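Single-structure report; data block below.
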Amino acid sequence: MLDKDLQKHASEFQGYLDRKQYEVTDSGIYFPNAKVQAIGTYGHSVNGGDYQEDHNLVTTEGLNHLLTTTLANGNKNSNWYLALYAGAYTPVAGVTAASFPAAANELTSNTEGYSETARRPWVPGAASNGTIDNTDNKATFTIVMASSVSVNGAALLSASAKGATTGVLMSAAKFSAARTLYAGDVFNLLYRVQLVGG
């Protein structure tokens, strides 16, 4: 669906969300009446190799934020941040920024997790053809551990502090296979969001 079509039907999409007229799929949230799907994709690699992609969902909180800021002149967030989590947690549409850190067991330690003092900035390129991502500026996490850590997934949030429960959770995904990381590993993370019609 083109951006102008989405703008034209903004109130309809808000209605779909309010009336729970959507389906949560493995790759995102599908609006059957509009034949549009919001898809989040996380691409990740360790030390520059073994690239993998995982799809999951754009949360209901994230969709509401997109509709409010893009189509109803709501307050926009100027920055977004990527977080990693270690829990065996599969995100659901209703997870929020407030519930995510505890539910997913977000990595928050600077000595048993990653050394950077905050969630990593998501710096996307320009949106094109219904897609926006940080392909050219992937987020980097420098792993610090006494032994190892299993990273099970990632999320995109509007608050920068590790473990913050404020702001908006745009998207979260559980990886199809956990990443076992060791001290000194560099974990690179891409996030892409698409609106796909058809």
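The values are calculated or read from the model by the stated rules, or taken from the named source; none is laboratory data. None of the values given here were measured: they were computed from a predicted structure. Because the Cβ atoms are built from the backbone with ideal geometry, glycine has one as well, and the counts that use them run over all protein chains shown. SASA here: full protein model, heavy atoms, side chains in, ligands and nucleic acids out. Shrake-Rupley method; radii C 1.70, N 1.55, O 1.52, S 1.80 Å.
In nm, what is the difference between 0.36 nm times the number of residues separating His55 and Thr25 and their Cα-Cα distance?
9.8 nm
Tell me, what % of the accessible area of the chain is carbon and sulfur with a 1.4 angstrom probe?
The value for the chain is 48 percent carbon and sulfur by accessible area.
Just want to confirm a number: the relative contact order over the chain, from Cα pairs under 8 angstrom separated by 6+ residues, in percent.
Relative contact order, the chain: 28 percent.
Calculate, in nm to one decimal, what Ser45 and Ala161 gain on full extension: separation in residues at 0.36 nm each, minus their alpha carbon distance.
Stretched fully, the Ser45-Ala161 segment lengthens by 39.4 nm.
Expressed as an acute angle from 0 to 90° and rounded to the nearest 10, what is the orientation of the C-alpha long axis of helix 60-71 relative to the principal long axis of the chain?
60
I'd like to check one number: the per residue accessible area of the range 16-170, probe 1.4 Å, reported in Å² as a whole number.
Using a 1.4 Å probe on heavy atoms only, each residue of the range 16-170 averages 45 Å².
For the chain, which span is the longest to avoid every loop-located (per DSSP) member of GluC sites (Glu not before Pro) having at most 16 other Cβ atoms inside 10 Å?
With GluC sites (Glu not before Pro) excluded where exposed in loops, the chain gives 1-111 as its longest stretch.
Multiplying the sequence separation of Glu12 and Ser147 by 0.36 nm and subtracting their Cα-Cα distance, what value in nm do you get?
Working it through step by step, the gained length comes to 43.5 nm.
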